[in-house]
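Every number in this text was worked out from the coordinates using simple rules, so none of it is lab data. Given the structure is predicted, the values throughout are model-derived calculations rather than measurements. Here the Cβ is made from the backbone with ideal geometry for all residues, glycine too, and neighbour counts use every protein chain on show.
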Amino acid sequence: MKRLFVLAALIAVVAFTTPARQAARADEPKAGKDFFFKPNDRIVFLGDSITAQYQYSSYIELYLTTRFPEGNFTFLNAGIGGDTANGGAGRFQRSVLDEKPTAVTINFGMNDGGYGKFNPAGNKLFVEKTKAMLDMAKKANVRVALLSPNAVDRRNKSNGAEYVETQKQFYAPLKDIAAEYGTAFVDQYAITRAATDAMEKDDPMAKKAVPYPDGFHTGPPGGLLMAGAILTGLHAPAVVSKAEVNATTSQAKTSGCKVDEVKATDSGVTFTRTDAALPLPVQKEWLTMLPYMNELKDLNWYGLTVKGLKEGDYTVSVDGVAVGKYSAKELDAGVNLGNVQVGPIWEQGNKVLQAINAKNGMVSQRFFSVVLFNAPDWLADVAAERKAAELKKRMDKIDAAQAEIYKLAKPVAHKFEIAPAK
């Protein structure tokens with residue numbers, strides 16, 4: 001009898017941790033390939049001016065906050081303009097390890113390559129200093145995601161045609177370095193190079209699709225392109241949630257959400273949907289990048305399927321606000337509402353983004369004004385104590401702002417209506 005009880009308990013544990021069970025939870029990574037970021041992570045984004053722009057890092061933060069609204073993440077940015085792997089290694093203790101992170105992304109190489117022909121000596125130093133950072137992270141038991149930089153856009157970078165090829169050769173050792181250290185690696189260069197190569201064919205004069213206004217620093221479209229490359233490369237879950245509703249039987253199937261009060265009408269269906277997470281609030285500035293990012297299907301799938309509708313076109317409304325128009329055939333196959341830019345769900349996600357941007361102003365001030373502050377020798381004894389206190393005081397304010405962001409990110413119930421389009 002005792003053996004039967006133990007066996008039953010083991011079966012219960014296995015059942016609780018199956019992929020199907022995990023897919024319904026928003027506070028932990030989904031089943032499949034292990035997502036790099038973990039709940040409760042304290043994350044430092046380390047890099048040069050592209051990191052210091054707070055674009056790709058803020059969009060990664062936005063994804064993690066909306067997708068895991070109970071994830072309890074902390075986000076710090078340690079990007080410095082003009083920096084290199086040599087500089088990053090030199091300040092790794094102060095900029096990264098002193099912050100007691102659990103995870104760090106390392107994104108150097110744009111400046112290291114020199115913006116010209118391949119330099120073997122420069123590459124040797126880049127490799128040595130990258131390994132030095134990985135050694136320090138390993139000793140401190142900090143998980144690392146090693147990133148190659150984004151590929152420059154030769155359409156609007158004066159020497160882009162030459163440097164984009166130098167980049168390929170310069171960053172080539174990173175994959176083997178990551179394997180040597182057992183570190184996550186994202187070949188961001190290859191992903192963004194494929195995207196900009198496609199843009200060259202569609203938009204050779206860079207009039208519409210412009211990820212990097214100066215050829216390498218990001219605008220919002222480039223920030224999204226980089227964030228998407230990094231997140232998908234680190235195996236971020238694609239699905240926010242999925243709901244399938246039958247307008248004939250009033251039955252529903254769900255994943256990552258709950259559907260109640262399904263009411264079929266002669267012409268459509270209504271129901272209440274409560275999600276465990278929010279989709280990314282797609283910004284207008286991002287739209288030119290979507291064709292080069294599989295329309296965000298690999299990152300922002302907020303699915304709706306409606307079976308049993310009569311032929312024709314239908315309007316999908318959320319809390320009385322029309323968010324999209326689809327045919328019965330499209331709804332039967334399933335549509336992605338993650339990319340809509342109107343409605344209460346989008347507005348909630350957009351408030352989260354605005355709050356993240358405001359909070360990151362405090363993160364930046366803390367980093368540049370306090371973390372990087374070097375007191376003169378004659379003030380060293382006083383400064384050491386004062387600096388620690390100031391860092392804590394500012395971090396307390398950042399933590400409070402982060403707590404408010406998580407309140408904003410908490411999903412709520414919404415009334416969905418699918419009715420014939422007028």
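Observations on the structure shown:
- R0 of 22 Å, Cβ-Cβ distance N357-D399: FRET efficiency to nearest 0.05: 0.80
- The chain, helix-only ellipticity at 222 nm - DSSP H runs n ≥ 4, -39,500 (n - 2.57), divided by all residues, nearest 500: -13000 deg cm²/dmol
- Nearest-20 debye value, the chain charge dipole, Cβ charges on Lys, Arg, Asp, Glu: 760 debye
- Rg and Dmax of segment 326-399, both derived from C-alpha coordinates alone, stand at 22.8, 75 Å.
- Rounded to the nearest 5, the antiparallel percentage of DSSP beta bridges internal to the chain is 55%.
- Sites A421 and D202, calculated FRET efficiency, Cβ-Cβ separation with R0 30 Å, nearest 0.05: 0.45
- Largest-first principal axis extents, alpha carbons of the chain, Å: 78, 66, 44
- For K263, K139, order by how many other beta-carbon atoms lie within 10 Å, fewest first: K139, K263
- Net charge dipole, segment 238-422: roughly 220 debye, given to the nearest 20, about the Cα centre with Cβ charges of +1 for Lys and Arg and -1 for Asp and Glu.
- A full extension of the chain between N156 and K175 corresponds to an added length of 4.0 nm, given 0.36 nm per residue minus the alpha carbon distance.
- Placing unit charges on the Cβ atoms of the charged side chains and taking the dipole of segment 33-233 about its Cα centre, the candidate lying farthest along the positive direction among N141, Y115, A89 is N141.
- Total formal charge among the other residues, if their Cβ is under 11 angstrom from that of P173, Lys/Arg +1 and Asp/Glu -1: 0
- The calculated FRET efficiency for the pair Q341 and E311, based on their C-beta separation and a Förster distance of 25 Å, comes to about 0.35.
- Only helices reaching 27 angstrom along their own axis (Cα) with mean Kyte-Doolittle hydropathy no lower than -0.5 count here, and for the DSSP H runs of the chain these are 120-139.
- Estimated inter-spin distance, D34 and K258, nm [label 7 Å along Cα→Cβ]: 3.2 nm
- Inter-part distance where segment 67-117 and segment 167-211 are each reduced to a Cα centre, Å: 18 Å
- 23 Å Cα-Cα threshold exceeded, pairs from K253/K351; K38/K138; K139/K397; K263/K310; K100/K392: K253/K351; K139/K397
- About its Cα centre, segment 149-188 has a charge dipole of approximately 200 debye under the convention of +1 per Lys or Arg Cβ and -1 per Asp or Glu Cβ, with nothing else charged.
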